[in-house]
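Below you'll find the structure, written out as structure tokens, and then a few comments.
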Amino acid sequence: MQKRTDYNGVTYFYSEGLYPIRHGFSTRLGGLSKLDYTKSLNLGFYRGDKDIIVRKNIERFCEALDVDAHTLCVMPQTHSTDVRVVGAADGGHAIYTPAVFSCDALVTDETGTALGVRVADCVPILMADPGARVIAAVHAGWRGTVGDIVGKTIQKMCFLGAAPEDIRVAIGPHISMQNYEVGEDVARAVLNAVGEDKLTLGHLRPSGNEGKFLCGLGAVNITLLLRVGIHAEHIDLCDECTYANAELFYSHRRMGEKRGSMMGVIAL
């Protein structure tokens, strides 16, 4: 995965594997937010910034990606496995118009449509079948991950004409395994999702604290992607940790509720 800083100071990550589909994973750099904990490219409403500041930040990020912010569809995310197919008519949803639906993944095959998911430690996943012109954006926290939200999203993409062997996947910055300690309930859910025969120390390992484990959410999602036919060479995993790099990223686990939000965006 590559890092780029646009002329307006917006710094983001992108995957050459998704070329020529426009896309990017934001960082906290390049925006207008002034609060200590949202400074500077906060892309989430209800974090302390005025709505106009958040909209301007979204517009700055979209401009860096050559995307019209009015074509961008986002939504309230609920850590579900709900996937929704949207189109150009949904442009601006939950940015310029009130939210009328919630989910944790979006899929489209309509030109002139951009999809976005917000994160601050969870896993942002952008997917595209460039030939079929079908794209998706996924928010995968631990609940969505163990519920196989990536598999459900790929099913929706294939319904629109995509093929698993042609889908390219970019997994953006998220909390790393060494900084993501979970309890036995989450560990058990990961084991059930991956399967005992496929489980490795890249998915789960003891943390050293009683009853606690370290979880690799990126690795779990990769295993589930491979299971539904995505080719390993078509998966680009970012190794940046949102928890460890305070200069580049907001982190819910590091900062709590007083933090901004980042976004993964992909557009046709």
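Summary of computed values
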quantity: Loop-located chymotrypsin sites (Phe, Trp or Tyr not before Pro) in the stretch 161-268, at most 16 other Cβ atoms within 10 Å (DSSP); calculated: none
quantity: Stretchable slack from K3 to D66, in nm (0.36 nm times residue separation minus alpha-carbon distance); calculated: 21.1 nm
quantity: Ranked packing of 257-264, 227-234, 107-114, 5-12, most packed first, by mean Cβ within 10 Å; calculated: 257-264, 107-114, 5-12, 227-234
quantity: Karplus-derived 3J(HN,Hα), 6.51/-1.76/1.60, for each residue of the stretch 197-206, Hz, glycine and proline x; calculated: 6, 9, 5, 10, 5, x, 8, 8, 7, x
quantity: Distant-in-sequence amide H partners of C215 (H built 1.01 Å from N, under 5 Å); calculated: Y180, V182
quantity: Neighbour-count ranking [beta-carbon atoms within 10 angstrom, fewest first] of T78, T242; calculated: T78, T242
quantity: FRET efficiency, 1/(1 + (r/R0)^6) with R0 45 Å, evaluated for D197 and K258 via beta carbons; calculated: 0.60
quantity: Fewest-first sequence of K152, K198 by Cβ atoms within 10 Å of each Cβ; calculated: K198, K152
quantity: Pairwise FRET efficiency - N245 versus T111, Cβ, R0 = 51 Å, nearest 0.05; calculated: 0.90
quantity: Label-to-label distance, nm, for residues given as Y37 and E233 (7 Å Cα→Cβ offset); calculated: 4.7
quantity: Potential lengthening between K56 and F159 on full extension [0.36 nm per residue; Cα-Cα distance subtracted]; calculated: 33.6 nm
quantity: Derived scalar couplings ³J(HN,Hα) [the stretch 95-111; Karplus, 6.51 cos²θ - 1.76 cosθ + 1.60; whole Hz; x for Gly, Pro]; calculated: 10, 9, 10, x, 6, 10, 8, 10, 5, 10, 8, 10, 9, 8, 10, 9, 4
quantity: Ranking of S102, S176 by count of other Cβ atoms within 10 Å, fewest first; calculated: S102, S176
quantity: The stretch 129-187 - charge dipole about Cα centre, Lys and Arg +1 at Cβ, Asp and Glu -1, debye rounded to 20; calculated: 320
quantity: Long-range amide H partners of V85 with built H, under 5 Å; calculated: V107
quantity: [x] 66, 55, 32; [y] 54, 47, 34; [z] 47, 44, 34, with the label sought being that of the calculated Cα extents along the principal axes in Å; calculated: [z]
quantity: Extension gain, R133 back to N179 (0.36 nm per residue minus Cα-Cα distance, nm); calculated: 12.9 nm
quantity: Set of lysines with alpha-carbon distance to K50 below 26 Å, sequence-local pairs under 8 removed; calculated: K34, K39, K258
quantity: Sequence-distant residues sharing a close amide H with L72 (under 5 Å, placed H); calculated: G92, A114
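Computed from the coordinates by the stated procedures, all read-outs in this text should not be read as laboratory data. Here the structure is a predicted model, which is why all the values come from computation and not from measurement. FYI the Cβ positions are ideal-geometry reconstructions off the backbone, even for glycines, and counts take in every protein chain you see.
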